[in-house]
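The values are calculated or read from the model by the stated rules, or taken from the named source; none is laboratory data. Predicted, not measured: the structure shown is a model, and the values here were computed from it. Ideal geometry is used to build each Cβ from the backbone, glycine not excepted, and the neighbour counts take in all protein chains shown. Side chains included, ligands, DNA and RNA excluded: accessible areas come from the protein's heavy atoms. Shrake-Rupley method; radii C 1.70, N 1.55, O 1.52, S 1.80 Å.
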Amino acid sequence: MKTRAIICFLGLMALSGLAIAEDKFGIPAVTMVTQPDGSGRYTVTIQILAIMSMLTILPTLIIMMTSFTRIIVVFAILRQALGLQQTPSNQILLGLALFLSMFIMMPVFKVMNETAIQPYINEQIKPLEALDKAVIPLREFMLAQIREDDLALFVRLSGEKDIQSAQETPLHILIPAFVTSELKTAFQMGFMLFIPFLIIDLVVASVLMAMGMMMLSPIIISLPFKIMLFVLVDGWAMVIGTLAASYGF
């Protein structure tokens, strides 16, 4: 009851604030224009408010619907395999993952811009139509990366029986299936990255045990060798190239 009272109070305060703004500054806060075809269109003020509200969930959309998840997980496993706790720092890894995601997703973003964003800016299509067209390239991108087993799992869990093909899968089923597939692929790539560094750790630990140096941590000795190996094989270029190639580049 308290929560409902607070929500109602905040709603009344917001409405009163909009009314005051409209009376004082002449801003049409809540106005809907009826189109010739019978549909309605809200004022720019409400559209801007909706866009600003969407910005709050934009980070989640970037993480869940793009290549960001796979990239950041692989980078985190790579840092753990090297034995480096804070180098590169989280900010560097996040920045690199973000810009690499932008590079990988750029063809999708171009299609979204041409088919949805630019027509909406030029007032050729309505907001809901622009949203539907913007989702199509993202849907195709996610479907290309989703494993059939993961998609079938979430379709079964949802209880949806009217889905005849993958193209008909709604977003609330498609997104978790995509994230699950991305995590599986990231862990597979991380496993392959871990093997050579694990071999170095085993060799160093065996040598130290044979020399009777049990009190010396093998990690301290193996760390320079792992870094040297990673640098000699141009590890960053290999990892980034493999990540980009996994999306068809």
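Rounded to the nearest whole Å², what accessible area per residue is found for segment 122-249 with the 1.4 Å probe?
Details: 8150 Å² over 128 residues.
The answer is 64 Å² per residue.
Using only Cα atoms, what Kirkwood radius does segment 171-235 have, in angstroms?
Final number for the Kirkwood radius of segment 171-235 is 14.3 Å.
Per the Kirkwood definition applied to all pairs of different Cα atoms, how many angstroms is the hydrodynamic radius of segment 48-151?
With all distinct Cα pairs of segment 48-151 included, I get 15.8 Å.
Straight distance only, please: which aspartates and glutamates reach the Cα of K226 with their own Cα at less than 19 Å, same-chain residues fewer than 8 apart left out?
Within the straight-line limit of under 19 Å, K226 reaches these aspartates and glutamates: D201, D234.
Which trypsin sites (Lys or Arg not before Pro) does segment 142-205 hold that lie in a coil by DSSP with at most 14 other beta carbons within 10 Å?
Hits after loop and neighbour filter: K161.
Rounded to a whole number, what % of the accessible area of segment 53-121 do carbon and sulfur atoms account for, probe 1.4 Å?
Heavy-atom surface of segment 53-121 belonging to carbon and sulfur, 1.4 Å probe: 75 percent.
Could you list, bin by bin from short to long, the percent of Cα-Cα pairs of segment 156-207 in 5 Å steps?
4, 16, 16, 12, 10, 9, 8, 7, 6, 6, 4, 2, 0
Which three extents, in angstrom, do the Cα atoms of segment 134-249 have along their principal axes, listed largest first?
67, 30, 16
Within segment 108-156, which GluC sites (Glu not before Pro) sit in a loop by DSSP and count at most 14 neighbouring Cβ atoms inside 10 Å? Before the final figure, lay out each step's value.
Values: sites: E114, E123, E129, E140, E148; in loops: E123.
Filter output for segment 108-156: E123.
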